[in-house]
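Undergrad: Can you read through this structure? Questions will come right after.
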Amino acid sequence: MIIDLKQPIFSKIGEVADNLGLECYVVGGYVRDLLLKRPSKDIDVVVVGSGIMMAEEFAKSIGKGAHLSVFKTYGTAQVKFRDSEVEFVGARKESYQKESRNPIVENGTLEDDQLRRDFTINAMAICLNKARFGELVDPFGGVRHLELKMIKTPCNSDVTFSDDPLRMMRAIRFATQLGFFLEESTFEAIYANRERIKIITKERIIVELNKIMESERPSVGFVLLDKSGLLPLILPELERLKGIEKRHGKGHKDNFLHTLKVLDNVAEKSDDLWLRWAALLHDIGKPATKQWDEQAGWTFKNHNFIGYKMIPSIFRNMKLPLGEPLKFVQKMVLLHMRPIVLSEEEITDSAVRRLLFDAGDDIDSLMILCEADITSGNQEKVDMFLANFQKVRQKLDEVEQKDRIRNFQPPIKGEEIMRLFDLPPGRVVGELKMQLKDAILDGVIPNEYESAFQLLLKLAKEQGLAPKC
Ligand code: CTP
């Protein structure tokens, strides 16, 4: 098969290789994405010979704009110019040691190089030399497997995964991203080698997990992680959500399946990775709070608060970022039931104001999460909840327009209270501020300076304080 390589860069690379008398191919993810008509970014080039020498010559041929970086230890080199990034590597044979991901590398043929790659769909090469320009070299049926939507290793799957256990995560990530399935023996080998994931750093695992999270239907990846036995090894807290317990014929939801549904629901509405993480973790406190009550049945009291408390250690263990993303996910998990609880009662202005005050700028994300959390096998029930939820949204809009509570700034600041009554910072000032805030949120006074000032004078007088200026 001849592939139409449109970018002029490829013939340029081929020319340089011809001058050096070397065989040279574009390989891996670039070829896969080209055939799938997906946007492809970085270009990987395999040279049968020295990748570094080839990169040096290629950079020279471009001249000024090219930036060359050589990584001697890995035998690779990168050339950056304009918005292209080309990685050159010599074709190699690799074998791995048991306790490490670091391979023993020897020079090899193109086929040796293709055989050591992770999946058949990632092991195709296109020749760049002039005489065979565009010729696809596909010894393991990559094109066929793209058509079948199948992820399969080019050689014995046990060898592929045992050599580099990160590939087990990659298999599941590609299946999720591309909507492919895992060929049977490939899947079985993941199960058999699952414990080897322990030699992979958390940082590398999270890169793959985040790509699963960013896919159109992230649940696909989590179901595969579960079935392959990897889930308890990488995110045991999620594994604990699995299962249904019954007493006197009363069961609760399978919180794992519910969580995956919520995650997909959120993914339909938002690309925000951290909101998706919040969806994944929103019920993480349920196993710890589960109780049987003779009257109420199964309860998960305060699971949002317990979940909120669990999240920092989950983030630390997974090497997820501890700054703003952590705070955001915690906030979402803590508040995730507030809007729905509102929809079950008469929706008062003051409850909506308090919700706006607590959620601040994250109110829209919270509403997406909370709406996504409405899942049930009973469609009538779902429709009823969704209709009630619409009322909360409407009320939010009304209150928002009227009172501007989102990013609430008290109309009178603490410093002004201290100046006015000649008070030092402390409890009295804090209490006055709090009473003003509550009065605004409860709708006792409007959110404006003059009303707040009058109320402040009244509250201060009750405490025996008089203005000094
Ligand atoms: N590869 C591999 N084993 C790995 C990582 C990569 O065999 N653990 C090979 C595959 O042939 C892959 C190529 O190296 O196609 C490039 O890897 P990388 O850039 O990480 O991934 P891509 O396949 O390009 O996919 P993506 O950009 O979506 O990560």
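The values are calculated or read from the model by the stated rules, or taken from the named source; none is laboratory data. Everything numeric here is computed off the predicted structure, so don't read it as measured data. Note that we place each Cβ from the backbone using ideal geometry, even for glycine, and neighbour counts take in every protein chain shown. We work out accessible area using only protein heavy atoms, side chains counted, and drop any ligands, DNA or RNA first. Shrake-Rupley method; radii C 1.70, N 1.55, O 1.52, S 1.80 Å.
Undergrad: Suppose a student asked you for the relative contact order of the chain, using Cα pairs under 8 Å spaced at least 6 residues apart; what percent would you report? Write down the numbers at each step before the final one.
TA: On the way: 725 pairs, mean separation 38.1, N = 469.
Dividing the mean separation by the residue count of the chain yields 8 percent.
Undergrad: Give the ranking of Leu233, Leu441 by solvent-accessible surface, highest area first, calculated with a 1.4 Å probe. Present the calculation step by step, with values, prior to reporting the outcome.
TA: Numbers: Leu233 55, Leu441 0 Å².
Output order, biggest surface exposure first: Leu233, Leu441.
Undergrad: How big, on average over all directions, is the shadow cast by the Cα convex hull of the range 312-469, in nm²? Each step should come with its number before you reach the end.
TA: Numbers: hull surface 48.8 nm².
Convex hull of Cα atoms, orientation-averaged projection: 12.2 nm².
Undergrad: Right, next: Using the heavy atoms of the protein chains alone and a 1.4 angstrom probe, what is the accessible area of the chain per residue in square angstrom? Can you show the working numbers first?
TA: Working: 23520 Å² over 469 residues.
With all protein chains present, the chain gives 50 Å² per residue.
Undergrad: Also, I was wondering about something else. Residue separation times 0.36 nm, minus the C-alpha to C-alpha distance between Ser376 and Asp112: what's the value?
TA: Values: separation 264, 0.36 × 264 = 95.04 nm, distance 5.17 nm.
Value of the extension gain: 89.9 nm.
Undergrad: Now, a different point. Taking GluC sites (Glu not before Pro) that fall in a DSSP loop and have at most 14 other Cβ atoms within 10 Å as cut points, what is the longest piece of the chain between them?
TA: 100-215
Undergrad: Based on alpha-carbon positions alone, could you give the equivalent ellipsoid semi-axes of the range 8-148 from the gyration tensor, as √(5λ), descending, whole Å?
TA: Working from the Cα gyration tensor, I get semi-axes of 23, 20, 14 Å.
Undergrad: In deg cm²/dmol and to the nearest 500, what is the mean residue ellipticity at 222 nm of the chain if only DSSP H runs of at least 4 residues count, each as -39500 (n - 2.57), divided by the residue total? Don't jump to the answer; show the numbers that get you there.
TA: Values: 24 runs with 250 residues, N = 469.
Helix-only estimate at 222 nm: -16000 deg cm²/dmol.
Undergrad: Considering every pair of different Cα atoms, what Kirkwood radius, in Å, is found for the range 414-462? Walk me through the numbers on the way to the answer.
TA: Values: mean 1/r = 0.0916 Å⁻¹.
Value: 10.9 Å, from the Cα pair sum.
Undergrad: Report the residues of the range 451-466 in range of a label on Gln435: point 7 Å along Cα→C-beta, backbone N strictly under 15 Å from it.
TA: 452-466
Undergrad: Let me ask something else. Straight-line reach from Lys395: which aspartates and glutamates have Cα under 14 Å away, leaving out those fewer than 8 places along the same chain?
TA: Correct list for Lys395: Glu344, Glu345, Glu346, Asp349, Asp364, Asp403.
Undergrad: So how compact is the range 360-404: Cα radius of gyration and Dmax in angstrom?
TA: Over the range 360-404's Cα set, Rg and Dmax evaluate to 12.2, 38 Å.
Undergrad: Distance check, please: which entries in Lys286/Lys413; Lys149/Lys227; Lys41/Lys130; Lys152/Lys327; Lys286/Lys391 exceed 30 angstrom between their Cα atoms?
TA: Lys286/Lys413; Lys152/Lys327
Undergrad: Still on this model: Return the lysines within reach of Lys461: Cα separation strictly under 16 angstrom, same-chain partners fewer than 8 residues apart disregarded; answer none if there are no such residues.
TA: Qualifying lysines at Cα under 16 Å: Lys433.
Undergrad: In whole Å, largest first, what are the principal axis extents of the Cα atoms in the range 152-234?
TA: 30, 26, 19
Undergrad: When N counts the residues of the range 320-396, how does its alpha-carbon radius of gyration compare numerically with 2.2 N^0.38 Å, as a ratio?
TA: Working: Rg = 13.3 Å, N = 77, 2.2 N^0.38 = 11.5 Å.
My calculation over the Cα atoms of the range 320-396 gives 1.16.
Undergrad: So, how do all the Cα-to-Cα distances of the chain break down into 10 Å bins, in percent, from 0 on up?
TA: With a bin width of 10 Å, the distribution comes to 4, 16, 20, 19, 15, 12, 9, 5, 1, 0.
Undergrad: Calculate, for Asp271 and Glu416, the FRET efficiency according to 1/(1 + (r/R0)^6) with r their C-beta to C-beta distance and R0 35 Å; round to the nearest 0.05. Please list the in-between numbers first.
TA: Numbers: r = 42 Å, r/R0 = 1.21.
Here the calculated transfer efficiency is 0.25.
Undergrad: Rounding to the nearest 20 debye, state how big the charge dipole of the range 414-462 is about its Cα centre with +1 on each Lys and Arg Cβ and -1 on each Asp and Glu Cβ.
TA: Numbers: 6 positive and 9 negative charges, 27 e Å.
Roughly 140 debye for the range 414-462.
Undergrad: Among Tyr191, Ile234, Gly179, flag the residue with its Cα farthest along the positive direction of the charge dipole of the range 152-234, charges on Cβ as +1 for Lys/Arg and -1 for Asp/Glu.
TA: Value: Ile234.
Undergrad: Could you size up the charge dipole of the chain around its Cα centre, putting +1 on the beta carbon of Lys and Arg and -1 on that of Asp and Glu, and report it in debye to the nearest 20? Please list the in-between numbers first.
TA: Values: 68 positive and 71 negative charges, 157 e Å.
Taking the Cα centre of the chain as origin, the dipole is about 760 debye.
Undergrad: Which order do you get for Asp4, Asp271, Asp362, Asp158 if you rank them by accessible area with a 1.4 Å probe, largest at the top? Numbers along the way, then the final one.
TA: Details: Asp4 105, Asp271 130, Asp362 40, Asp158 70 Å².
Putting Asp4, Asp271, Asp362, Asp158 in descending order of accessible area: Asp271, Asp4, Asp158, Asp362.
Undergrad: Also, I was wondering about something else. Taking amide H atoms as placed 1.01 Å from N in the peptide plane, list the residues 5 or more away in sequence, or in a different chain, whose amide H sits under 5 Å from that of Ile445.
TA: Ile440
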